[in-house]
Amino acid sequence: MAAVNGEVSFWYAGDGVPEAGPGLPGGRDVDVCIVGGGYTGLWTAYYLKKADPSLRVALLEQRFCGYGASGRNGGWLYNGFAGRGAFAERYGQQRAAAMQRVMDDAVGEVVDVAAAEGIEADIARGGVLEVARSKPQLERLNAFVEAERAYGANRVELLSAKETTDRVNVAGTLGGSWSPYGARIQPAKLVRGLARTVRGLGVEVYEGTAVTAILPGSSYRRPRAVTPFGTVTADHVLRATEGFTAGLRGERRTWLPMNSAMVATEPLPADFWADAGWQGREVLGDFAHAYMYAQRTADDRIALGGRGVPYRFGSRTDSDGSTQVETVRQLRAVLNRFFPAAAQARIDHAWAGVLGVPRDWCATVELDRVTGLGWAGGYVGSGVTTANLAGRTLCDLVLERDTELTRLPWVGHTVRRWEPEPLRWLGVHAMYAAYHAADRQEAAGRATTSPIARVADLVSGRG
């Protein structure tokens, strides 16, 4: 049986891809308009209505809630966020550490809210296990653990090869690290549960409603979101479109829509799991430059992801999650290297999604009180937890609260725009070609991190 390719993602396979709900019936006037029905938009709506039930909140989504990255990601609810090193360098270690602390807490916040609201999302709080399978990866792993400890003692455990494989038996493991700040989730169940919850709180959710432009307010006019069905005017219009931001008028170079692809195997038998372990249901990653990420699903599959074709010319996005045959082959090869016993396992589903990448690889939150426009995103693939923090922060900004969250360094952080085409396309493809070349060098026996990767880091802005 051929693998299903696309159909948004495997995470919708059980219940089917949802139909869009009712669209915008015409012009509306509200207090807050949110553009985008993923985690960021839904969490923002949730916290606003919890804080002030009288607020009139409208959420506009071009397809259905969870159509984008929120319904396609790897299911890593963890405490990583894009830009910590850059924030520490620019704003100081203390402020970066403050953001790390609230990110640590945000993992538990999502788990607690899901429980309180009756959202069943296959959550298993097994932490984050990352493995090194070459000497350069082990070097980077040790540096990572040391950096984590600078943000607090005992944040991450350094594991020997045996300690690592006792948790998850990945072939060729030389060492690993484990952090308690992580959980496995079923992404679509979480986003659909959030959508049900915010509707129950009275948020006006309009699906099948593409926003063509977000226009700023001024001293004589309020900001507004323009759609083919009418214009929504509000005191605040908040953009929560992440990897689809480039499709909005004037935003093509704001964030780059980077592609990430995944495969899910058939359910694997008990004898496989007896050897592989993975009893803790940790989310699993590695220290390759073109890294992988994986989870053991609730029905005992391996869902594994990584970069395929990293970027489409002109910031174009995919069609309903379809991905290239070559990308599926590459992910199959990663699966086989990590788990040789799964080499004959059937791939049941392959899909892809886009994530938002700022030019400096740093996530941001902002609310401009002059124009009434706000936004959050640029999560670079670490958005499952970060979106919750963004939602709480946007809530505080809209309500003009001076809180710990509104003083975090990502609030108001400015990022320059990406280069025009074809420089954007050439740069991204060259960067990932370099990372893949570096990984091949290291797998072939190089003892230290490839200089190709170091150059790629500097050129990309990650270094």
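Quick notes on this one:
- Mean separation of Cα contacts under 8 Å (6+ apart) over length of segment 34-155, as relative contact order %: 17 percent
- Rounded to 10°, Cα long-axis angle of helix 93-116 versus longest principal axis of the chain: 80 degrees
- Rounded tilt (10° steps) of 451-460 against the dominant C-alpha axis of the chain: 0 degrees
- Solvent-accessible area per residue for the chain (1.4 angstrom probe, square angstrom): 39 Å²
- Accessible surface of segment 70-137 [probe 1.4 Å, protein heavy atoms]: carbon and sulfur percent: 43 percent
- Computed from the C-beta positions of A274 and R416 and an R0 of 41 Å, the FRET efficiency is 0.20 to the nearest 0.05.
- Over the chain, Cα pairs under 8 Å with separation of 6+ residues give a relative contact order of 24 percent.
- Straight-line reach from K50: taking Cα to Cα under 29 Å and skipping same-chain neighbours fewer than 8 places apart, the lysines in range are K189.
- The lysines whose alpha-carbon is closer than 29 Å to the alpha-carbon of K135, local same-chain residues fewer than 8 away aside, are K162.
- Carbon + sulfur, % of accessible area of segment 353-454 - ligands and nucleic acids excluded, 1.4 Å: 58 percent
- Projected onto their three principal axes, the Cα atoms of segment 410-463 cover extents of 43, 28, 12 Å, largest first.
- Segment 294-334: relative contact order as a whole-number percent, Cα under 8 Å and 6+ apart: 35 percent
- Rounded percent of accessible protein surface that carbon and sulfur make up, segment 162-239, 1.4 Å probe: 52 percent
- Angle between the chain longest axis and helix 187-200 axis [Cα atoms, degrees, rounded to 10]: 20 degrees
- Vicinal HN-Hα couplings computed from phi for segment 283-298 (Karplus, 6.51 cos²θ - 1.76 cosθ + 1.60; Hz; Gly/Pro x): 7, 10, x, 9, 10, 5, 5, 8, 6, 10, 8, 8, 8, 8, 6, 5
- Sequence-ordered 3J(HN,Hα) estimates for segment 78-85 from the Karplus curve with 6.51, -1.76 and 1.60 and θ = phi - 60° stand at 9, 9, x, 9, 6, x, 4, x Hz, glycine and proline given as x.
- Each of A443 and V325 was given a label point 7 Å from its Cα along the Cα-to-Cβ line. The distance between the two points is 2.1 nm.
The values are calculated or read from the model by the stated rules, or taken from the named source; none is laboratory data. Treat the numbers as computed from the prediction; the structure is a model and nothing was measured. No Cβ is skipped: glycine too gets one built from the backbone with ideal geometry, and neighbour counts run over all protein chains shown. Each accessible area value is taken on the protein alone, full model and side chains, heavy atoms only, with ligands, DNA and RNA left out. Shrake-Rupley method; radii C 1.70, N 1.55, O 1.52, S 1.80 Å.
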